[in-house]
Amino acid sequence: MPAPYRGLILDFGGVLTTRMRLNGEAFERSEGLSPGAYFHALGQHPEGVAIYSALEVGEATQEDWNRVIGGILGIDPTDLMRRALANLDPEPQIVESAQRARAAGIKVAMLSNSFGIEPYNPYEDKGMWRDFFDSDLVGAGGCTEAVADHLPACAGGTGA
């Protein structure tokens, strides 16, 4: 008989929330950008790729990202991350499943690249921050003690 599940690890964008592509397309429309401009800035423009990669692992701030991506797109960088994620909403079925798992005694964790949390915390804004999970690992700088104790790759973790 297989061992019962002890943990559930979920990603944030596109798993706990609506699809990132749909959010990005809505952002392009709200900012008056050409279709595909946002995705090009993040995934193909050399400065955009570099800043997004650095943000994801905690090596750049959200304000750095706002400034660089705003510059590439030619839009106001003020509070850009909040505007860019404005149409990212919790995915009700997944959120409910995570809540049911936790209620059943299964540890629930979020493992995600980082969007940064200052000046805008998208995880808290979407209702999925500290009290929603037993542990979280957000970017390289996001290791909590609870995660570090169970993931050897997390700085300072014992792997026990």
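Tabulated values for the structure
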| item | result |
| --- | --- |
| Residue under evaluation Y5, criteria (1) among the aromatic types (F, W, Y); (2) open to solvent by 70 Å² or more (accessible area, probe 1.4 Å); (3) free of Cβ contacts under 8 Å to residues at least 40 places away in the same chain, criterion not met | (3) |
| Listing of helices (runs of 4 or more DSSP H) fully contained in the range 1-94 that carry 2 or more residues being within 18 Å of P119 (Cα to Cα) | 46-56, 62-73, 80-84 |
| Some residue of the range 17-33 being open to solvent by less than 40 Å² (accessible area, probe 1.4 Å) and in contact with a Lys or Arg (Cβ under 8 Å, 6 or more places away or on another chain) | yes |
| Test: residue in the range 99-108 that is open to solvent by 20 Å² or more (accessible area, probe 1.4 Å), of a type outside the set (D, E, K, R) and not in a loop (DSSP other than H, G, I, E, B) | yes |
| Residue in the range 114-134 that is polar (S, T, N, Q), modelled with pLDDT of 65 or more, within 24 Å of M81 (Cβ to Cβ) and within 19 Å of the chain's Cα centre (by Cα) present | yes |
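Residues checked against (1) under 17 Å from the mean Cα position of the chain (by Cα); (2) open to solvent by 50 Å² or more (accessible area, probe 1.4 Å); (3) at pLDDT 95 or above:
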site: M1; (1), (2), (3): no, yes, no
site: I9; (1), (2), (3): yes, yes, no
site: E47; (1), (2), (3): no, yes, yes
site: I51; (1), (2), (3): yes, no, yes
site: A54; (1), (2), (3): yes, no, no
site: E59; (1), (2), (3): yes, yes, no
site: V68; (1), (2), (3): no, no, yes
site: D76; (1), (2), (3): no, yes, yes
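The values are calculated or read from the model by the stated rules, or taken from the named source; none is laboratory data. No experiment lies behind these values; they were computed from the predicted model shown. Note: ideal-geometry Cβ built from the backbone for every residue, glycine included; neighbour counts use all protein chains shown. What goes into the accessible areas is simple: the full protein's heavy atoms, side chains included, and nothing from ligands, DNA or RNA. Shrake-Rupley method; radii C 1.70, N 1.55, O 1.52, S 1.80 Å.
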